[in-house]
1. Looking at Arg173, is it in a helix (DSSP H, G or I), modelled with pLDDT of 95 or more, of a type in the set (Lys, Arg) and over 16 Å from Ser85 (Cβ atoms)?
2. What pairs come up if the first residue lies in the range 68-95 and is polar (S, T, N, Q), the second is part of a helix (DSSP H, G or I), and their beta carbons are under 7 Å apart, counting only those six or more places apart or on different chains?
3. Given (1) outside the structural domain of Asp154 (by TED's automatic domain parsing); (2) without any contact (Cβ under 8 Å) to a residue 60 or more places away in the chain; (3) under 15 Å from Leu241 (Cα atoms), identify the lone condition not met by Tyr39.
4. From Ala184, Ala142, Ala171, Ala192, which residue is crowded, with 16+ Cβ neighbours inside 10 Å, under 12 Å from the mean Cα position of the chain (by Cα) and closer than 29 Å to Glu117 by Cα?
5. Do you know which residues across the range 185-207 are more than 18 Å from Tyr165 (Cα to Cα) and in a loop (DSSP other than H, G, I, E, B)?
6. Any idea which of (1) touching a residue at least 60 places away in the same chain (Cβ under 8 Å); (2) touching a His at 6+ places or on another chain (Cβ under 8 Å) is the one Ala142 doesn't satisfy?
7. Going by the structure shown, is Glu231 surrounded by fewer than 17 Cβ atoms within 10 Å (Cβ to Cβ) and closer than 23 Å to Ala70 by Cβ?
8. Which one of these is loosely packed, with under 15 Cβ neighbours inside 10 Å and free of Cβ contacts under 8 Å to residues at least 40 places away in the same chain: Asp150, Asp130?
Amino acid sequence: MTEGGDLTAWIEGTGPPRGYADVPASRTTPMDTDDLRRYLSGLAPDHDDVQAEMADYADREGFPIVGPAAGGTLRVLARLVDAESVFEFGSGFGYSASWWARGMRAGRVVLTEIDPEELDMGREWLPAGDYAPSFDYREGDALSVVEEYDGPFDCVLVDHQKERYADGFHAVREKVAPGGVVVADNVVRGPADFDTLVAYAEGEPVPDDASAQTRGIAAYLDAVRAAPDFETTILPVGSGLAVSTRV
């Protein structure tokens, strides 16, 4: 079992945790390295045919997607809670929705997207997959769309504008089923400044001149960590997922 500074040293690769004093320094591995990303990517689940087409499109167009390592996590979470109802704040053309669907035996995934062309692409791709749930394609602001649903939701993805992440959590938290999960993407890598987030995690205030995305991620983490009915952990897969379960 590690404690504060020991765990930080282990994550940063500057030394082993307590109880591992005899481990050579060369065998202490930084947690956020290119090698780690290659390792996680190499062990990520394979795309199905539809996802492979989506990923090829994303590569060509430079479109950000959660990727198979994070997507596989969504699939596992859907299986763990036996999800029947999923809501996404920001869906793009449906890549993340396809991962939720691969972990579901039935039910519905609600996609939200302000770009009608992206949503139309999802309408073309997702029905071609061998997915059990149905898909509800909703064009518009996710914060408005979610108000039209009573829930409960077994799984929620927060992946829209980072400065609105906390608003998304507050809008959906009472609609999450007990035992359900809320997942936020890009809490480690992405548009937010990671050095500022590290300082925030160590207790420093987020500077007023930090980017809106950085302040948005910090505000979201403040919100979920302060919620007494949720427990949160950070997973360093993809661009970093904050996974919060309702207790």
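1. Numbers: in a helix (DSSP H, G or I): yes; modelled with pLDDT of 95 or more: yes; of a type in the set (Lys, Arg): yes; over 16 Å from Ser85 (Cβ atoms): no.
Answer is no for this residue.
2. Correct list of pairs: Ser91/Ala97; Ser91/Gly122.
3. (3)
4. Details: Ala142 fails: under 12 Å from the mean Cα position of the chain (by Cα); Ala171 fails: under 12 Å from the mean Cα position of the chain (by Cα); Ala192 fails: under 12 Å from the mean Cα position of the chain (by Cα).
Exactly one residue qualifies, and that residue is Ala184.
5. At the first step, the residues of the range 185-207 found to be more than 18 Å from Tyr165 (Cα to Cα) are 195, 198-199, 202-205, 207.
Glu202, Gly203, Glu204, Pro205, Pro207 - these are the residues of the range 185-207 that are more than 18 Å from Tyr165 (Cα to Cα) and in a loop (DSSP other than H, G, I, E, B).
6. With respect to (1) touching a residue at least 60 places away in the same chain (Cβ under 8 Å); (2) touching a His at 6+ places or on another chain (Cβ under 8 Å), Ala142 is out only on (1).
7. Values: surrounded by fewer than 17 Cβ atoms within 10 Å (Cβ to Cβ): yes; closer than 23 Å to Ala70 by Cβ: yes.
Here the answer is yes, as Glu231 does meet what is asked.
8. Details: Asp130 fails: free of Cβ contacts under 8 Å to residues at least 40 places away in the same chain.
The conditions single out Asp150.
The values are calculated or read from the model by the stated rules, or taken from the named source; none is laboratory data. Note that the coordinates shown come from a computational prediction; the quantities given were computed from them, not determined experimentally. Counting neighbours? That spans all protein chains shown, and the Cβs are built from the backbone with ideal geometry, glycine included.
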